[in-house]
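Mind looking over this structure? Questions follow.
The values are calculated or read from the model by the stated rules, or taken from the named source; none is laboratory data. Every value quoted in this text rests on a predicted model; they were computed, and no experiment measured them. Quick reminder, even Gly has a Cβ in these numbers, built from the backbone with ideal geometry, and neighbours come from all protein chains shown. Protein only, heavy atoms only, side chains kept; ligands, DNA and RNA dropped before computing areas. Shrake-Rupley method; radii C 1.70, N 1.55, O 1.52, S 1.80 Å.
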Amino acid sequence: MPSLMRNIFATAGLAVSVALMSGPGLADMPVTYKDEGRALFHLSVPDFWTVRAGGGRSLTAPGSEEARLINRVIGLTPVTEDGIWMGFISPHGVTNYQGALEYLRGVGPFLVENAEVQERKRISVGGLPAARLTGSGSRDGKAVHFTAVVVDLPRDRVAISVVVMEAGVDPDLVSDVNAVFASFRAVR
């Protein structure tokens, strides 16, 4: 699988090709996303990655005066390399794919500047309907690729994940990212 991921990364120029295999993932540290005391989903984080959680806060996008409430974000980064970030969120009031796209339009400028979506595809994550958007843009003056995944959770919620990867980052990290997605499970 790693050589396949390297080929996808090298030939397609995409940050992540979310390989959604069934069965246990290869990641090692369990993490649960909770909102107001209720668990929404679980995932596993590979060894040598750090996890950071941030609570709700209000942010204003560059070039805008409109503040936006951001829910808890779980952020993942590899310990050994800069240039890649993976985040998960389940925003209040976002209950479907269209709402998730609108939410991403609002928070997108915080993550990727001049973002251009190159592919949209319906997929499955953890046995649930999902959609993937891939594209490119820039961050802090560097070229980046991004993948945004929207997972339809039970009880009118969605999980949104965004992966931002600088051009030239070690393609082996794609396997780690795919292991995280493979480990994703909704709490039912």
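Those residues that are open to solvent by less than 70 Å² (accessible area, probe 1.4 Å) and in contact with a Gly (Cβ under 6 Å, 6 or more places away or on another chain), I need them from region 89-116; list them, please.
Val112, Ala115
Which members of region 129-173 meet the condition of being modelled with pLDDT of 95 or more and surrounded by fewer than 18 Cβ atoms within 10 Å (Cβ to Cβ)?
Pro129
Determine whether region 24-46 contains at least one residue that is touching an Asp or Glu at 6+ places or on another chain (Cβ under 8 Å), open to solvent by less than 50 Å² (accessible area, probe 1.4 Å), on the phi > 0 side of the Ramachandran plot and at pLDDT 80 or above.
no
Further, regarding this structure: List, please: which pairs have Cβ atoms under 9 Å, are six or more places apart or on different chains, and start with a residue in region 160-188 that is in contact (Cβ under 8 Å) with a residue 40 or more places away in the chain and in a loop (DSSP other than H, G, I, E, B) and end with one that is among the hydroxyl-bearing types (Ser, Thr, Tyr) and open to solvent by less than 10 Å² (accessible area, probe 1.4 Å)?
Phe184/Ser161; Val187/Tyr33
Related question: For Val151, only one of the following conditions fails: (1) touching a residue at least 40 places away in the same chain (Cβ under 8 Å); (2) outside any strand (DSSP E or B); (3) over 14 Å from Trp85 (Cβ atoms). What is its number?
All conditions are met except number (2).
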